[in-house]
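Read through the structure below, which is laid out as structure tokens, and then see the notes.
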Amino acid sequence: NFLNDDWIKSFYKKVTATPAINVIETAEEYDMEMAVPGLCKEDLNVQIDENCLNISMEKKTETEHKSEKKNYLRREFSTQQFYRSFELPDNVEKDKITAKVENGVLRIVLPKSAMMEKKPQPKEIAIG
């Protein structure tokens, strides 16, 4: 039966949700972590556009089943994708941002600028 429950359930399983992201701040950097199980670096795209960090993914899969006993061919394909955008803080050194996929986690390191980290010293203004 073409419209059986298994077909409908498999359709909804292929819907992709946007993965959550963890952001950790240290004195030297912002460290972003995103769970991307089953994805490789070719599936992911990380870009900076002006003052935004954009993370996107598109993965296409295609499965083909053939049978010698019966004369039929079934092809199944799906596309999964997401897009996230983050406004970068002013103290990020955009030229030194790195990204790496390891063990199903996309890790993006955003180094802080040393110049921006210095706190302004109080200064007395003379009243004239």
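The values are calculated or read from the model by the stated rules, or taken from the named source; none is laboratory data. Predicted, not measured: the structure shown is a model, and the values here were computed from it. Glycine also receives a Cβ, built like all others from the backbone with ideal geometry; neighbour counts cover every protein chain displayed. Each accessible area value is taken on the protein alone, full model and side chains, heavy atoms only, with ligands, DNA and RNA left out. Shrake-Rupley method; radii C 1.70, N 1.55, O 1.52, S 1.80 Å.
Residues in region 30-49 that are under 9 Å from the mean Cα position of the chain (by Cα), open to solvent by 40 Å² or more (accessible area, probe 1.4 Å) and among the hydrophobic types (A, V, I, L, M, F, W, C): Ala35, Val46.
Any residue that is over 22 Å from the mean Cα position of the chain (by Cα), over 20 Å from Asp95 (Cβ atoms), surrounded by 11 or more Cβ atoms within 10 Å (Cβ to Cβ) and modelled with pLDDT under 65 - is there at least one of those in region 7-29? Within region 7-29, one or more residues are over 22 Å from the mean Cα position of the chain (by Cα), over 20 Å from Asp95 (Cβ atoms), surrounded by 11 or more Cβ atoms within 10 Å (Cβ to Cβ) and modelled with pLDDT under 65.
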